[in-house]
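Written below as structure tokens is the structure these notes are about.
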């Protein structure tokens with residue numbers, strides 16, 4: 001597993017928890033916060049944003065990744081998810097995380113559900129056969 005400190009885990013969970021308060025989920029009432037730790041130690045938080053046409057909904061993990069990319073970072077080392085469920089990212093979010101994991105299956109995923117214990121897993125454990133930029137010889141850090 002990508003080595004992240006206990007302090008980094010706490011910071012990620014705190015950022016995700018705080019951002020969850022800003023979630024816009026009037027249709028599902030399912031509020032989620034996420035935070036990513038970039039390659040330089042910065043933390044970028046996001047929340048889910050629902051639209052009346054639910055297909056356009058943006059999940060918290062992707063919001064956090066979009067903020068990371070918008071800040072100029074292209075690699076993540078860890079992601080934390082706080083919400084009222086398992087805290088393991090959905091398939092779409094796993095794909096988005098993989099895009100900026102830079103082909104590192106040991107990226108840490110911190111699952112911090114509001115109703116049970118926190119769990120740390122490796123991205124490769126929950127997304128064992130990824131399809132990503134490396135299949136096209138692309139490294140996101142180059143862009």
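Could you figure out which of (1) part of a helix (DSSP H, G or I); (2) out of contact with any helix residue (DSSP H, G or I) (no Cβ under 6 Å at 6 or more places or on another chain) isn't true of residue 4?
Condition (1) is where residue 4 drops out.
For the range 91-138, enumerate the residues that are surrounded by fewer than 13 Cβ atoms within 10 Å (Cβ to Cβ) and within 14 Å of the chain's Cα centre (by Cα).
The answer is 91, 92.
Every read-out reported here was derived from the displayed coordinates using simple, explicitly stated rules and does not represent laboratory data. Quick caveat, the model's predicted, so the values are computed rather than measured. Note that we place each Cβ from the backbone using ideal geometry, even for glycine, and neighbour counts take in every protein chain shown.
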